[in-house]
1. Of the residues that sit in region 42-62 and are crowded, with 20+ Cβ neighbours inside 10 Å and hydrophobic (A, V, I, L, M, F, W, C), which one is farthest from Glu148 (Cα to Cα)?
2. In region 109-140, what residues are more than 18 Å from the chain's Cα centre (by Cα) and of a type in the set (Gly, Ala, Ser)?
3. Could you check region 208-238 and list, in sequence order, the residues that are open to solvent by 20 Å² or more (accessible area, probe 1.4 Å) and in a strand (DSSP E or B)?
4. Just the residues that are in a helix (DSSP H, G or I), under 23 Å from Leu143 (Cα atoms), in contact with a helix residue (DSSP H, G or I) (Cβ under 9 Å, 6 or more places away or on another chain) and not small (Gly, Ala, Ser), please, taken from region 69-106.
5. Identify, by number, the condition in (1) open to solvent by less than 20 Å² (accessible area, probe 1.4 Å); (2) touching a helix residue (DSSP H, G or I) at 6+ places or on another chain (Cβ under 7 Å); (3) part of a loop (DSSP other than H, G, I, E, B); (4) not β-branched (Val, Ile, Thr) that Leu205 doesn't meet.
6. For region 63-76, name all the residues that are among the small types (Gly, Ala, Ser) and either open to solvent by 50 Å² or more (accessible area, probe 1.4 Å) or modelled with pLDDT under 95 (or both).
7. Restricting to region 151-200, what's the tally of residues that are at pLDDT 75 or above and either over 30 Å from Val121 (Cα atoms) or assigned to a helix (DSSP H, G or I) (or both)?
8. Please find, among Leu143, Leu79, the residue that is within 18 Å of the chain's Cα centre (by Cα) and modelled with pLDDT of 95 or more.
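The values are calculated or read from the model by the stated rules, or taken from the named source; none is laboratory data. All values reported here derive from a predicted model rather than from experimental measurement. Here the Cβ is made from the backbone with ideal geometry for all residues, glycine too, and neighbour counts use every protein chain on show. When the accessible area is computed, the model is the full protein with side chains, heavy atoms only, and any ligands, DNA or RNA have been set aside. Shrake-Rupley method; radii C 1.70, N 1.55, O 1.52, S 1.80 Å.
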Amino acid sequence: MDFLNWPEFKTPGSAAFISDLHLFSRRSNFARHQVAISGAIEQSEMCVWGGDLFDFRWAQLGCDATTVSRSIEWLDDWLVRFPDKPFVFLRGNHDAHAAFATALEQLSRCRENLYCGIDAVRVADTLMLHGDLIEGEGTRASLAKYRESWEARPTAHPFQHRAYDAIVAARLHTAVASAAHRHRRTCQRLWKSIDAELSQEIVGLRRVVFGHTHRHIHAMKLAGIEFYNAGATIRHVKFAPVVLRFGKDKK
């Protein structure tokens, strides 16, 4: 797990955390939330993309090369629009794709405000990560294995898309997420893994922001830590960008 400790002297006054957009998949309803996402980025001094922005498994663009190209173009539009704002891209399981990782690294060489190749970032008293650390045994090794399994999956067949559409239409995906990722239990599991795998980096931590589970959480307190989750731009799922403040004006 690659970890970035944001320099204290560069601590922003505020940061937006946005994850699980699942762009280019049929189930994404990103357009419905585009105004809120743009507003969160505009009002924040820093933006953290929390993983699964793109969905290579369920993409509808015809081929991986096109999906990679469109993904890079989408990110670059934000970098050009806000050249003085830092953007941190955290890896997720649905964007675990070798060609995309290579293209993203190439983009970062051209844009000084893009930070990538990262799994978790700490800004002041806040840790941000995708959240799939909870999968498997909750260790760095099991996370790597989990990501590799996603990278190895081919683009879904049209028949699989139709089956998935039926699941979403029946809202079964929300029932599964609710059962598999109950708020308190998920946060407990995540914190246990963070404590075990990032013990040296979490002293003084007060907030954890994550994605992955598609379940919106706002400031749920557990063992003195506040947990946040943006949800997902998926039909029938609640989504709201997480905007956090730092320093004296923190709320």
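1. Only one residue tops the list, namely Met46.
2. Ala124, Gly136
3. His218, Ala219, Met220, Lys221, Leu222, Glu226
4. Phe100, Thr102, Leu104
5. Single failed check for Leu205: (2).
6. Scanning region 63-76 gives Ala65, Ser69.
7. 18
8. Leu79
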